[in-house]
Amino acid sequence: MMVHIPNVLTPDEVERCREVMQKAGWADGRITAGHQSEKVKFNLQLPEDAPEARELGDMVLKALGRNPLFMSAVLPQQVFPPLFNRYDAGMTFGSHVDNAVRSHAIAPIRIRTDVSSTLFISEPEDYDGGELVVEDTYGSHSAKLPAGDMIVYPGTSLHNVTPITRGSRVACFFWTQSMIRDVSKRALLFDLDMSIMGLSRDHPEHPSVVQLTSVYHNLLRQWAEV
Ligand code: NI
């Protein structure tokens, strides 16, 4: 289940990200790579303990908190402090799966990476290549979104970033431990929530709105780990 979440950051917040990132000290992206992914990872990253990463990360966390689509699609239990990467021409990240469990360099956090997120900071026309390609049971899906938009996808998926052939691609990425560990249950709850929202928009007085809302919460109560 890949979900496109538009306008996670406002244009001003995107601008602030770019400003801070321009002046930041970038490190080799392999600082957070696992054993397999370090062989295919060629990009730059802000170190987890860099003050720039913390400032921008906090801004992203606040933006997630006000985003109902993120809440519905991910059902977050804990969000890893957001990280930031950059791909210049020639850089790429070959096919890999993210580590199942992640600890942070300074924050006392250890999470299971149920959901991966990529929040685009560059505009798509500012670079060529740099598509995020995610493989699921229905084939490959690629994403290259407007600045401020985000894609979320299951942490269980193999994925890659195609080589950049022009310009630079900067993005924010992070993982979330979901209250719903199982991807198919999470997808069902998301579909149900979207259906309830559609129904209550078109037929707000329909008694099924209350009934279905009750079903949603009772499923969540059965499945959620909090
Ligand atoms: Ni990855």
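The values are calculated or read from the model by the stated rules, or taken from the named source; none is laboratory data. Predicted model, so just to flag it, every value in this text is computed and none were measured. Backbone-built Cβ (ideal geometry, glycine too); neighbour counts: all protein chains shown. Just the protein is used for accessible areas: all its heavy atoms, side chains included, with ligands, DNA and RNA removed. Shrake-Rupley method; radii C 1.70, N 1.55, O 1.52, S 1.80 Å.
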Matching residues in region 183-206 - criterion: being open to solvent by 50 Å² or more (accessible area, probe 1.4 Å), over 22 Å from Ser157 (Cβ atoms) and in a helix (DSSP H, G or I) = Ser195, Met197, Arg201, Asp202
request  = Check whether at least one residue in region 180-192 is at pLDDT below 95 and over 20 Å from Ser116 (Cα atoms), and report yes or no.
outcome  = no
inquiry  = Yes or no: region 119-132 includes at least one residue that is touching a residue at least 60 places away in the same chain (Cβ under 8 Å) and either within 12 Å of the ligand (Cβ to nearest atom) or open to solvent by 20 Å² or more (accessible area, probe 1.4 Å) (or both).
reply    = no
query = If you scan region 23-50, which residues turn out to be without any contact (Cβ under 8 Å) to a residue 24 or more places away in the chain and more than 15 Å from Asp98 (Cβ to Cβ)?
reply = Ala27, Asp28
Of the criteria (1) modelled with pLDDT of 95 or more; (2) within 16 Å of the ligand (Cβ to nearest atom); (3) open to solvent by less than 30 Å² (accessible area, probe 1.4 Å), which one Asp98 fails = (1)
message = Can you list residue pairs whose Cβ atoms sit under 7 Å apart, with the first residue in region 92-111 being closer than 15 Å to Asp49 by Cα and the second being open to solvent by 60 Å² or more (accessible area, probe 1.4 Å) and in a loop (DSSP other than H, G, I, E, B)? Count only pairs 6 or more apart in sequence or on different chains.
response = Ala105/Asp49; Ile106/Asp49
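Please state which one of Leu69, Leu56, Leu61 is modelled with pLDDT of 95 or more, assigned to a helix (DSSP H, G or I) and touching a helix residue (DSSP H, G or I) at 6+ places or on another chain (Cβ under 8 Å).
Numbers: Leu69 fails: touching a helix residue (DSSP H, G or I) at 6+ places or on another chain (Cβ under 8 Å); Leu61 fails: touching a helix residue (DSSP H, G or I) at 6+ places or on another chain (Cβ under 8 Å).
Just a single option satisfies the conditions, and that option is Leu56.
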message = Looking at the structure I just gave you, is Pro124 under 11 Å from the mean Cα position of the chain (by Cα) and farther than 17 Å from Gly94 by Cα?
response = no
ask   = Can you name every residue in region 39-53 that is exposed (fewer than 15 other Cβ atoms within 10 Å of the Cβ) and either modelled with pLDDT of 95 or more or assigned to a helix (DSSP H, G or I) (or both)?
value = Lys39, Pro51
task = Quick one: count up the residues across region 1-24 that are open to solvent by 50 Å² or more (accessible area, probe 1.4 Å) and in a loop (DSSP other than H, G, I, E, B).
result = 5
Thr176 vs. criteria β-branched (Val, Ile, Thr) and either open to solvent by 10 Å² or more (accessible area, probe 1.4 Å) or free of Cβ contacts under 8 Å to residues at least 12 places away in the same chain (or both) = no
inquiry  = Quick check on my filter: what residues within region 133-147 are within 12 Å of the ligand (Cβ to nearest atom) and open to solvent by less than 20 Å² (accessible area, probe 1.4 Å)?
reply    = Val134
Members of region 58-75 found to be in contact (Cβ under 8 Å) with a residue 40 or more places away in the chain and not hydroxyl-bearing (Ser, Thr, Tyr), listed by number = Met59, Val60, Ala63, Leu64, Asn67, Leu69, Phe70, Ala73, Val74, Leu75
inquiry  = Against the conditions (1) part of a helix (DSSP H, G or I); (2) open to solvent by 30 Å² or more (accessible area, probe 1.4 Å), where does Val209 fall short? Just the number, please.
reply    = (2)
